[in-house]
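See structure below.
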Protein chains: 2
Amino acid sequence: MAPRSCSIANALGVVGERWSLLALREVFLGVTRFDQIAANTGASRDVLTVRLKKLVAAGVLEKHQYSEHPPRHEYLLTDSGRALHNVMLMLKEWGDTYVTEGALPLVWEHSCGAVLEPRVVCTACGEEATSESLTRAAELTH
Amino acid sequence: MAPRSCSIANALGVVGERWSLLALREVFLGVTRFDQIAANTGASRDVLTVRLKKLVAAGVLEKHQYSEHPPRHEYLLTDSGRALHNVMLMLKEWGDTYVTEGALPLVWEHSCGAVLEPRVVCTACGEEATSESLTRAAELTH
DNA sequence: CGGCGTAAGTTGGATTTTCCAACCCACTGA
DNA sequence: TCAGTGGGTTGGAAAATCCAACTTACGCCG
């Protein structure tokens, strides 16, 4: 039997490999250069090269030359990359709550002044989207 | 230099390996048994064995025996596992928008009646938590 | 000019993971 | 008794990863 077709699997096909999301985290934090991304994530340079190439090919990052002499590049988020912010927020929230021990290494403050506690809601009604409040509406068979 | 300490990295240390999130997706969809998880994800049985053991050890899943003769088990979500629902929702949303082509393989309907369009908001004020609306509030140096 | 430093990789070889198919054991229902 | 199911385990090949050293292209300092 063929595995289930699913956007989670598709998403993981793009950003699910080791180091991909950590490299993206660095870009979100403003670290856009190869050496610093390698140092801050701990990824080995050869694997990082492959990951960044894949993310560029997938349209998640853009490689931008910011200096011609000497040639220097930075990696910037595309719309697709920026949209991953939500995923990172929820992953961080889960890690904060269930994995990280002791003081949290990174805390975000929202523009309203509060420490961010992210929550997922239904855009239509504004109520929280819990697993109990959802039903499957459609599934292709093929 | 040591890599950045971060809950995203910690979270990925638990659920970041290949097949882990897909196995969890199956449990969320009600598929709790080894053979079916293997078939629906496409993971090879040996790797799946290791992944499930790790998820149980990490407190994300529980192995529950539902029949003594013959001995049969199912994998159930713990609180920690259920909390991953948000991550999966956002990952699916991103995949739907930027990766999956053609008709979406899976659509959720919220209890309000609308097709779910998940959004991340700040619990305190209810406004959307975009990357522009966040500032770093603290970071440990060590 | 010579030498040192930095950015962004590339290369080679050892180590780990992963994949895949086949096998195993306990049990059941026909 | 014999095929079938659930839940793995095993062995060997293939792929991915890690690590340190090397490279190229340039700027800066004395």
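The values are calculated or read from the model by the stated rules, or taken from the named source; none is laboratory data. Since the structure is predicted, the reported quantities are computational estimates derived from the model, not experimental observations. Glycine also receives a Cβ, built like all others from the backbone with ideal geometry; neighbour counts cover every protein chain displayed. Just the protein is used for accessible areas: all its heavy atoms, side chains included, with ligands, DNA and RNA removed. Shrake-Rupley method; radii C 1.70, N 1.55, O 1.52, S 1.80 Å.
Of note:
- If you take all other residues with their beta carbon under 13 Å from the beta carbon of B:Gln36, and give Lys and Arg +1 and Asp and Glu -1, the sum is +2.
- Per atom type, region A:9-103 shows carbon and sulfur on 49% of its accessible surface, probed at 1.4 Å.
- Local net charge near A:Ser133, Cβ-Cβ under 12 Å (Lys/Arg +1, Asp/Glu -1): -4
- Helix runs (DSSP H) in chain A reaching 15 Å along axis by Cα, Kyte-Doolittle at least -0.5: A:45-57, A:85-98
- Each Lys and Arg Cβ is given +1 and each Asp and Glu Cβ -1; about its Cα centre, region B:7-102 then shows a dipole of about 240 debye.
- With a 10 Å cut-off around each Cβ of B:76-87, the average count of Cβ atoms from other chains is 5.
- Restricting region A:43-123 to chymotrypsin sites (Phe, Trp or Tyr not before Pro) that sit in a DSSP loop and have at most 16 other Cβ atoms within 10 Å of their own Cβ leaves nothing.
- In the assembly of identical copies, B:Ser131 has its label point, taken 7 Å from Cα in the direction of the beta carbon, separated from the corresponding points by 2.9 nm (ascending, one decimal).
- Put a dot 7 Å past the Cα of A:Glu101, heading toward its Cβ, do the same for A:Lys53, and the two dots end up 4.0 nm apart.
- Between B:Leu76, B:Met88, B:Leu52, the Cα set farthest toward the positive side of the dipole of chain B (charges on each charged residue's Cβ, about the Cα centre) is that of B:Leu52.
- With a 1.4 Å probe rolled over the protein heavy atoms of all chains, the accessible area of A:Ser44, B:Ser7 falls in the order A:Ser44, B:Ser7, largest first.
- Expressed as a whole percent, the proportion of Cα-Cα pairs in chain A lying more than 24 Å apart is 46%.
- Counts of other chain beta carbons within 10 angstrom of each beta carbon in peptide B:27-39 average 1.
- Formal net charge of residues neighbouring A:Arg45 (Cβ-Cβ distance under 11 Å; K, R +1; D, E -1): -1
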